[in-house]
Structure formats: C-alpha cells, structure tokens
Amino acid sequence: MNLDFSDDQKFLQDEARKFFDKEGGLANARKVMDESISHDDSLWAKIVELGWTGIRIPEEYDGLGLGHLELCVIAEEIGRALAPIPFSSSVYLFTETIIKYGSDEIKKEILPKLVTGEVVGTYAVAEDMAAVSEANLSCSVDGDAINGTKIAVPDADLATHAIVLAKASSGIELRLVDLNAEGVSTSLQKNLDKSRSFYKVEFNNSKSSLLGESGAGWDSHVHIMDQAAVLFAFEQVGGSQQALDMAKQYAMERYAFGRQIGSYQAIKHKLADMYVAVTLAKSNCYYGAWALSSESSELPLAAATSRVSATKAFQLCAKENIQTHGGNGFTWEYDCHLFYKRSKVLSLNLGSESSWKEKLVTAMEKTNTLN
C-alpha cells in the first residue's frame, strides 16, 4: 500500500479548513449548544452551496463525481472544526448507500435532490442497547410496509429520508423510507454532545422501497459500515489533531513558577503520548483511505484498523487536552469539553470500540488464513 493525497486533494483540504475558520470554527458548535438547536442551518446551507453534499454523486445526477479520497479530506476538516451539521449521516451513510444500492429510478429521484439539499438522509440501525445482528433485528417489513422502532438515529429531525435495516421473509433488507410520510414519528433522545442530535424513530405501516437485492441487506449493511468507518475515522483524526494543537499551544503560553508548563516533564509526556496516538491513527486512516478508494478486498481489515486507532487517539487527546489545561480545562469557557463530548459520541457511532476490535480480530484471522 502506497498512498498520498494529490495536490488537488490537499488544496481542497486547505480550502475546507479556511472555510470553517472563516465561518467561525468552534463557535458554531457552541452556538448549537447555547441556543439548544440540533444543527447550524446557515453552515449547512453554505456547505450545500459549495457542493460538498454531492462530492461522490456522479455528474449525471448533478454531483461533482469525485472519489472517496476527496471525501476523506473533507471529513478530517469537519472533525477539526466539530461542525454541527448532518454531513456524516447524510453523506457517509445515506448517499453512499443510494449510490451503491439504489435502483436507477431511485437514483434519478434522490441523488440530484441530495446535491441541492432538498433531500437530507440518515441511516437507522440500532433498536436497543445491544449490538445489532441478523438474529436480534426486530424491525420488520411486509410487502412495502415497515414496522418497528429505531433508536439513536442521527439528525432525524432534519432528515427527509432514512435507510432502515429491517427483516423480511427473504432475509435482511435495506429499505428507503420517506420520514414525512404517514406512520413515521420521531422524538429527541438525550445525548452528551448537543452538537450532534439523535432521535427515536417509530414506523407504523410506513411505506418503504427496497434497496439492493431482497434478502441481501445484511452484507450490504456491513459493507456500508466499513466504508463509513474510514470516513468517521478521518473525522476523529481531525478532532484529535486539533485537541493536540490546543494542548500544545496552551503549554507554550501558560507559565507556572516562572516557566512555560510545556517545559515540565509531565506535560511533555502527555503531549508526546498524544502525538504518537495521532500519528498512528493517521497512518491507519491512510491505509483505510487506500482500501476504500481502490475498492480493495482489504477494506474490512483497513476499516477496523482505522476505526479502532482513531477512536483511541481522539479519546486520549480529548482527555489529555483537558488535563494539560489544568483547572481551566474543566470550565465551560474553554473549548476542551467540546472535543471530549464529540470524542465520546463518535466512539459509539457505527458501533462501540469493542465491536470494532472484534471485527479487527476477525479480519486479521481471515487475512492470515488466505495468506
């Protein structure tokens, strides 16, 4: 594996960083928390206008027709800015599923509207605190009618459509549901990070459309999770790097007993540990980006590797950033808590860290068997 981002991709990342800085950076996350809203409408509208929602959508459907690597660099900057927008749910999960498994009719109907922001998507999987499996899935579909309850559905208040994992007589299926249709109701769930909203969604004989092949939904779902894991990992790396930068800057500016606190060994070790974790996570994310963009058979291994290392890095950096700031790090006025909250929420998106560790072990065993 040999991957580096092209000059165009690096330029896109640089422009994305400038955009978020110009639009207020972390102030957007604070705005959402202070005003008790679920996302920043103004920021989302500008991102739609920039065309980022159509990065992966083919040009024939009015998208930019770019690849996964462009999406990776955008994801990293979203993580750095802690942007309170439904990008991950609508782009990493919903759009990618429609592109890969939607019928020609669905693509023609949905994809152009995703580009313009008329359609915002989400992905509904979880039903209770247990990990979802083929065996314990209870949400069901009979004909075109879907029934059941999903929890922790991201951005369901803004989303117009959802992809729902449900069981049918032929097996597990991915179903497209209009959230504004009859029989669909949503309710907000409590969440540590108020800049990322989650909802309980109930379906009562709600009309749905099949995505992909009947009965093949579980394998399709696993593939979408592997793809999204790489993109979420890039978000986590962006947040990790920003938390490290914050800690480093504070350690250089803060004085105690006449010396910069960064000159003390205890702080040096914290920063060194953070740097190592971020560097390792970036390396693994590059592996994931390569596997994703090349459609490699190693994607399950690369996705799990990226996800586990990025989760560890973000949680460590968010925690040590608070500790480096000392007592100030625990206050509302400093931004440390924003990264801590986001690190905890992202660690549970797509499944817990332990579930991805299990996937990593399984993928390593499979790779060793093939070799």
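We did not get these values from a lab; they are worked out from the coordinates using the rules stated. Nothing here was measured: the structure is a model prediction, and the numbers come from that model. Note: ideal-geometry Cβ built from the backbone for every residue, glycine included; neighbour counts use all protein chains shown.
In plain terms, the residue of Phe232, Phe257, Phe11 with the fewest other Cβ atoms within 10 Å comes first and the most crowded comes last, giving Phe257, Phe11, Phe232. In the calculated pair-distance distribution of the range 7-116, the portion above 23 angstrom amounts to 29 percent of the Cα-Cα pairs.
Divide by every residue of the chain the summed helix terms, -39500 (n - 2.57) for each DSSP H run of at least 4, and state the resulting mean residue ellipticity at 222 nm, rounded to the nearest 500 deg cm²/dmol.
Numbers: 11 runs with 189 residues, N = 371.
Calculated at 222 nm, the ellipticity per residue is -17000 deg cm²/dmol.
Placing unit charges on the Cβ atoms of the charged side chains and taking the dipole of the chain about its Cα centre, the candidate lying farthest along the positive direction among Leu3, Val48, Ala156 is Leu3.
One Cα centroid belongs to the range 104-129, the other to the range 52-67; the line between them spans 14 Å. Modelled spin-label separation between Gln260 and Thr116, with each label point placed 7 Å from Cα along the Cα-to-Cβ direction: 5.4 nm.
How much FRET efficiency would the formula 1/(1 + (r/R0)^6) give for Ser294 and Asp219, where r is the Cβ-Cβ distance and R0 is 22 Å, rounded to 0.05? Each step should come with its number before you reach the end.
Values: r = 20 Å, r/R0 = 0.91.
FRET efficiency, Ser294 to Asp219: 0.65.
Of the cross-linked pairs Lys194/Lys359; Lys200/Lys357; Lys150/Lys341; Lys18/Lys150, which ones have a Cα-Cα span greater than 32 Å in the structure shown? Checking Cα-Cα distances, Lys18/Lys150 exceed 32 Å. Note on Glu134 and Glu49: the extension gain reaches 26.7 nm, defined as 0.36 nm multiplied by sequence separation minus the Cα-Cα distance.
Provide the gained length on full extension for the span Asp104 to Ala27, in nm with one decimal, where the gain is 0.36 nm per separating residue minus the Cα-Cα distance.
On the way: separation 77, 0.36 × 77 = 27.72 nm, distance 4.10 nm.
Here the segment from Asp104 to Ala27 would lengthen by 23.6 nm.
Treating r as the C-beta distance of Asn180 and Asp142 and R0 as 25 Å, the FRET efficiency rounds to 0.70. Given a cut-off of 24 Å, name the pairs among Lys31/Lys113; Lys268/Lys319; Lys270/Lys344; Lys108/Lys167 whose C-alpha atoms lie farther apart than that in the structure shown. Among Lys31/Lys113; Lys268/Lys319; Lys270/Lys344; Lys108/Lys167, the Cα-Cα distance tops 24 Å for Lys31/Lys113; Lys108/Lys167.
Here the Karplus relation 6.51 cos²θ - 1.76 cosθ + 1.60, evaluated at θ = phi - 60°, turns the backbone of the range 169-184 into coupling constants of 4, 8, x, 7, 10, 9, 10, 8, 10, 7, 6, 9, 7, 5, x, 10 Hz, with x for every Gly and Pro. Size of the range 121-214 from its Cα atoms: along the principal axes, largest to smallest, the extents are 39, 28, 21 Å.
Spatially, the range 12-27 and the range 270-316 are offset by 23 Å when compared through their Cα centroids.
Modelled label positions at Glu15 and Ser36, each set 7 Å beyond Cα in the direction of Cβ, lie 4.0 nm from each other.
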